[in-house]
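Before any comments, here is the structure.
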Amino acid sequence: QLEMNNKFEDPDFGYGKKSANSPHALSIKQREILFNHKFKKPYLEKTRKMMCIQAYTGCRNSYIKLFASANFKKSGKLTYTPKKTKRWDIEVVQPLHPNAEAIFKEVNFYTGEKYKTTHQKYNPYILDVLKALKEEYPDTGFTADFTSHNMRDTFISICVKSGVNFKSILRWSGLTKYETLDHYIDLDDDFERKEMEKTYI
């Protein structure tokens, strides 16, 4: 007995445009603090290292526990084939950042045994880590509104802000299109201001 207008008869009814999640990245300084801080609680320390693996390699959270010695056969490099882009035959070949290498060395380049935290637990634990860092470093702008996806944003955004060429970032991130890459880039106000200063005469 509902009265409905004729909008539901429109061919495009029900086909809304999916909006992309806005990128949300840690700053270069925040990532550095994340790497150097040590937690006494084991679950926080484990989560911190998982966040660092993502923030220094750009891998998706589901890959953290999949790395083994075979992924490090090329000296000083991380190589793997992302399942999400497997159909394009994309292989990530990434020179290892020293901080990422240090974490991998701790587990003898095999993450499967150490980092088994489920996705359902990982995201709440990330918030716990960030809440603790926000309290410990109140003047550094930490906020407790990040997910594992944002650690990938962090890696890609810091690459862009550091002036890394886009082709390398695509290869390191396992992406195929610049349009997709753009969904991960979060440029903060301070960076934008410094970029504008480059145009001053």
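The values are calculated or read from the model by the stated rules, or taken from the named source; none is laboratory data. Everything numeric here is computed off the predicted structure, so don't read it as measured data. Backbone-built Cβ (ideal geometry, glycine too); neighbour counts: all protein chains shown. These accessible areas exclude ligands, DNA and RNA; they are computed on the full protein's heavy atoms, side chains included. Shrake-Rupley method; radii C 1.70, N 1.55, O 1.52, S 1.80 Å.
Pull up the range 37-71, narrow it to residues that are polar (S, T, N, Q) and under 18 Å from the mean Cα position of the chain (by Cα), then point me to the one that is farthest from LEU133 (Cα to Cα).
SER62
Residues of the range 57-75 being over 22 Å from ASP153 (Cβ atoms), open to solvent by less than 40 Å² (accessible area, probe 1.4 Å) and part of a loop (DSSP other than H, G, I, E, B), which ones?
ALA68
For the range 20-35: of the residues being touching a helix residue (DSSP H, G or I) at 6+ places or on another chain (Cβ under 9 Å) and closer than 13 Å to LEU133 by Cα, which is surrounded by the most Cβ atoms within 10 Å (Cβ to Cβ)?
LEU26
Could you identify the single residue in LYS134, LYS177 that is out of contact with any His (no Cβ under 6 Å at 6 or more places or on another chain), open to solvent by 60 Å² or more (accessible area, probe 1.4 Å) and at pLDDT 95 or above? Reasoning before the result, please.
Numbers: LYS177 fails: at pLDDT 95 or above.
Answer to the selection: LYS134.
Please specify each residue of the range 26-50 satisfying the condition of being among the charged types (D, E, K, R) and without any contact (Cβ under 8 Å) to a residue 60 or more places away in the chain.
The answer is GLU32, LYS38, LYS40, LYS41, GLU45.
Taking into account only those residues within the range 180-190 that are free of Cβ contacts under 8 Å to residues at least 60 places away in the same chain and among the hydrophobic types (A, V, I, L, M, F, W, C), which is least open to solvent (accessible area, probe 1.4 Å)?
My answer is LEU181.
Within the range 65-74, is there a residue that is touching a strand residue (DSSP E or B) at 6+ places or on another chain (Cβ under 9 Å), touching a residue at least 40 places away in the same chain (Cβ under 8 Å), hydrophobic (A, V, I, L, M, F, W, C) and within 18 Å of HIS119 (Cβ to Cβ)? Break it down stepwise before answering.
Within the range 65-74, the first condition is being touching a strand residue (DSSP E or B) at 6+ places or on another chain (Cβ under 9 Å), and the residues that meet it are 66-67, 70-74.
Then keep just the ones that are touching a residue at least 40 places away in the same chain (Cβ under 8 Å); that gives 66-67.
Now drop any that are not hydrophobic (A, V, I, L, M, F, W, C), which leaves 66-67.
Pick out the ones that are also within 18 Å of HIS119 (Cβ to Cβ) and you get 66-67.
Scanning the range 65-74, I find at least one residue that is touching a strand residue (DSSP E or B) at 6+ places or on another chain (Cβ under 9 Å), touching a residue at least 40 places away in the same chain (Cβ under 8 Å), hydrophobic (A, V, I, L, M, F, W, C) and within 18 Å of HIS119 (Cβ to Cβ), so the answer is yes.
Residues that are in contact with a strand residue (DSSP E or B) (Cβ under 8 Å, 6 or more places away or on another chain): which helices (runs of 4 or more DSSP H) entirely in the range 91-201 hold 3 or more of them? Can you show your working first?
Working: elements: 98-106, 119-136, 148-161, 166-173, 178-182, 189-197.
Qualifying helices (runs of 4 or more DSSP H): 166-173.
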